[in-house]
């Protein structure tokens, strides 16, 4: 081989080795760029893991919170079941007190009913009536038996049905009951 052929062969082999080297280099990533991309990928993986853990914790907290609401609901339901009968009993008492109040004001003259404070509750109105009823009631004259004749030789007064029941309940005859009434 001549020298020219050697140079061409070397250039050809150098050229082909340079081309081969360029082809290999075109598929290769520089180490600095690889490290940069790899570091970013690791950061993203860490962030992803942190977000996944935060999501799991948030879901767990939400479930625990729901469980607390369930417990609170069950506790409130139990308290309500205890209070409901009491509320019904209070309502019955309120109705009874209202009936008592109506019975109390039935005896009061209409001129004086407006003196009873209506802004008070039924219980307070009953207490007010208990304290002031004597002041607003018309006085009743005592029955002193005026116009009656002496009891000697007369007939015994008749007992009311209530008095007869009381005498019977105590096991006392009606005549004995009348004797004790006169004393």
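Coordinate-derived values only; no laboratory data. Computed from a prediction, not measured in an experiment: that's the story for all the values here. Backbone-built Cβ (ideal geometry, glycine too); neighbour counts: all protein chains shown.
Determine the shape class of the range 75-126: with a ≥ b ≥ c the square roots of the Cα gyration tensor eigenvalues, call it rounded for a/c under 1.5, and otherwise prolate if a/b is greater than b/c, oblate otherwise. Walk me through the numbers on the way to the answer.
Numbers: a/c = 7.07, a/b = 3.11, b/c = 2.27.
Because a/c hits 1.5 or more and a/b exceeds b/c, the range 75-126 counts as prolate.
Residue 115 to residue 172: extension gain in nm, 0.36 nm per residue of separation minus the Cα-Cα distance?
On the way: separation 57, 0.36 × 57 = 20.52 nm, distance 4.56 nm.
Working it through step by step, the gained length comes to 16.0 nm.
Could you tell me the center-to-center distance, by alpha carbons, between the range 78-127 and the range 38-62 in angstrom?
Cα centres, the range 78-127 to the range 38-62: 65 Å.
Would you calculate the separation in nanometres between label points at residue 47 and residue 59, each defined as 7 Å from the Cα along the Cα-to-beta-carbon direction?
2.2 nm
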